[in-house]
Structure formats: C-alpha cells, structure tokens
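The structure appears below as structure tokens.
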Amino acid sequence: MRIAEIFYSIQGEGLLAGVPSVFVRTSGCNLRCQWCDTPYASWKPEGPEMSVEEILKKVLGWNCRHVVLTGGEPMIAADLPALAAALRKAGKHITIETAATVVPAGIVCDLASLSPKLSNSTPPPERDPAWSKRHEATRLQPAVISEWIRNYNYQLKFVVSAEPDIKEIQNLLSRLPPVSFHQILLMPEGIDAKTLAARSPWLVEICKRKGFRFCPRLHIDQFGHQPGT
Ligand code: SF4
C-alpha cells in the first residue's frame with residue numbers, strides 16, 4: 001500500500017491525546033476536504049508503495065504499544081486489514097482514524113476514531129468541480145458510521161468552524177444509534193496554533209452549553225503544523 005509517512009510522536013487529538021504512538025499514514029483519500037491538513041495524503045498523494053512486512057518492520061523498530069493507522073483514508077487501502085491483523089498479533093493497540101465512509105468489515109481495531117465530515121469540508125466547485133461533487137456525495141454516511149459504532153470502541157470527532165456546524169452534528173446524531181456525549185469531541189478548525197487559540201474559547205463555550213467534549217490539537221500546539229508530528 002502507498003505510505004505517506006511512518007513516524008513516532010504523541011497522539012495529538014481525542015481520548016488518547018498525549019499517548020506516545022507510532023503513526024502509519026497511508027496515502028490516498030476518497031474525500032477532498034477544503035481544509036485538509038494532510039494534502040500530501042489526499043489532494044496530492046505522495047509516498048512509496050510498502051508491503052505489510054516492510055511497514056511492520058518499521059513500526060516494530062520503536063518500543064511503543066500504541067499504533068495509529070491514519071491517512072488520507074486508511075480504510076481504502078486494500079492491505080489495511082492484513083496490517084491491522086499483523087499489528088494485533090504483535091501485541092499492539094490499534095487506533096484507526098477514518099472519516100467513516102467505508103464499512104469496517106471486521107477489521108481489527110481497538111479504537112475507531114471516526115471523523116465524519118460536515119458541509120464545511122466540501123471544496124468549492126471553482127477549486128475542483130468533479131471533486132466538489134464527489135466529496136459532497138460521499139462525505140456523510142450515517143449507515144456506515146452506525147456500523148462502526150455498533151461494533152467497535154469508538155470516538156466521534158468533528159471539525160467545527162462555525163455555529164451552524166452544531167446543528168449538522170445534532171442532525172447526524174439523530175440518525176445514529178445512541179452515542180454517549182463524552183465520546184463526541186469537537187475540534188476547532190485550524191492548522192496553526194494562532195487560529196486554534198483564537199477559535200478555542202468560542203468552541204469551549206459551545207461545549208459547555210451543549211455537553212460535548214472539547215478536543216485540543218496538541219501536536220499543532222507542540223510542533224506546529226508539519227509532517228512527522
Ligand atoms: S478525509 Fe482527512 S485526509 Fe481525506 S481530505 Fe479530508 S481531512 Fe484530508
């Protein structure tokens with residue numbers, strides 16, 4: 001499968017924030033978010049083809065229990081189930097970070113980090129008419145999200161840029177199995193510390209009002225926005 005990068009860092013977002021983790025970032029995505037923070041794995045996919053054995057060898061080079069399979073969209077990589085199975089065999093804790101547009105089909109996973117995309121993600125047609133249409137048609141699939149929720153330990157993460165996004169989240173939740181609010185995390189949209197700092201107080205107030213969980217982006221605060229972190 002095509003790999004954009006493999007690196008050792010700390011988990012920056014979600015219920016496992018702060019946990020040292022090896023990240024395997026697959027290259028390629030079935031979406032094109034306008035604010036994508038990893039364009040080298042979506043809009044302009046980069047990286048070499050690697051076999052499951054090669055990836056495993058590299059991951060096992062770090063003495064680290066947690067492995068995060070991320071992207072791009074890792075669930076479109078044909079070899080991902082084999083990689084997850086091999087990592088489980090090696091005793092690893094596996095997080096899969098996915099937009100939840102692809103059914104899990106029994107893949108091995110300890111934490112499904114589901115990040116459904118709201119309408120704020122859709123690129124304007126002027127940027128790329130074909131992808132704008134395809135993204136909008138693909139980005140939100142309640143039946144697929146439900147499949148993940150019913151079968152896996154999960155968290156639901158949303159990138160929020162404006163107040164109307166909250167209504168969209170609530171509409172989506174009404175179409176899913178009951179979800180505990182402590183598993184719903186809202187992150188401010190932004191890929192630099194200054195933007196995140198400016199938007200965070202506003203989002204914190206929304207979380208306080210609605211009972212959602214606020215989700216910082218530690219890796220951006222710590223390292224800035226750059227590959228390998
Ligand atoms: S789903 Fe993730 S990787 Fe794909 S375009 Fe959106 S933000 Fe980028």
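Taken as Cα centroids, region 48-76 and region 122-161 sit 24 Å apart, rounded to the nearest whole angstrom. Amide H to amide H distances under 5 Å link VAL160 with MET187, GLU189, where only residues 5 or more positions off or on other chains count and H is placed in the peptide plane. The convex hull defined by the C-alpha atoms of region 37-76 has an orientation-averaged projected area of 3.6 nm².
For the chain, DSSP calls about 25 percent of its internal beta bridges antiparallel. Taking the chain as a Gaussian network of alpha-carbon nodes connected by springs under 10 Å, the highest mean-square fluctuation of the residues PRO142, PRO164, PRO20 belongs to PRO164. Take the alpha carbon gyration tensor of region 104-229, find the square roots of its eigenvalues, order them as a ≥ b ≥ c, and report rounded if a/c is under 1.5; if not, report prolate when a/b exceeds b/c, else oblate. In terms of gyration-tensor shape, rounded.
Listed by chain and number, the aspartates and glutamates placed with their C-alpha closer than 18 angstrom to that of LYS44 are GLU5, GLU73, GLU126, ASP128; residues fewer than eight positions away on the same chain are left out. Per-atom-type breakdown for the chain gives carbon and sulfur 54% of the accessible area (1.4 Å probe, protein chains only). Between the beta carbons of ALA78 and GLU46, assuming R0 = 30 Å, the FRET efficiency works out to 0.95 to the nearest 0.05. Heavy atoms of the protein chains alone define the surface here; on that basis the chain has 45 Å² accessible area per residue at 1.4 Å probe size. Using a Gaussian network model of the chain in which every pair of alpha carbons under 10 angstrom is joined by a spring, one finds that among ASP79, ASP128, ASP165 the greatest mean-square fluctuation is at ASP128.
Using just the helices of the chain, give the 222 nm mean residue ellipticity in deg cm²/dmol: DSSP H runs with n ≥ 4 each add -39,500 (n - 2.57), and the total is spread over all residues, rounded to 500. Helix-only estimate at 222 nm: -9500 deg cm²/dmol. The residues neighbouring GLY61, those whose beta-carbon lies less than 15 Å from its own, together hold a net charge of +1 under the Lys/Arg +1, Asp/Glu -1 convention.
The calculated FRET efficiency for the pair THR195 and ARG127, based on their C-beta separation and a Förster distance of 30 Å, comes to about 0.90. For region 31-74, backbone nitrogen atoms closer than 20 Å to the point 7 Å from ALA105 Cα along Cα-to-C-beta are found at 31, 50-53, 69-74. A viscosity of 1.306 mPa s and a temperature of 10 °C, combined with the Kirkwood radius over C-alpha pairs in the Stokes-Einstein formula, give the chain a diffusion coefficient of 89 µm²/s.
The values are calculated or read from the model by the stated rules, or taken from the named source; none is laboratory data. The shown structure was predicted, so the numbers you read here are calculated from the model rather than taken from an experiment. All Cβ positions, even for glycine, are placed from backbone atoms using ideal geometry, and neighbour counts span all protein chains on display. Side chains are part of the model used for accessible areas, which takes the heavy atoms of the whole protein and leaves out ligands, DNA and RNA. Shrake-Rupley method; radii C 1.70, N 1.55, O 1.52, S 1.80 Å.
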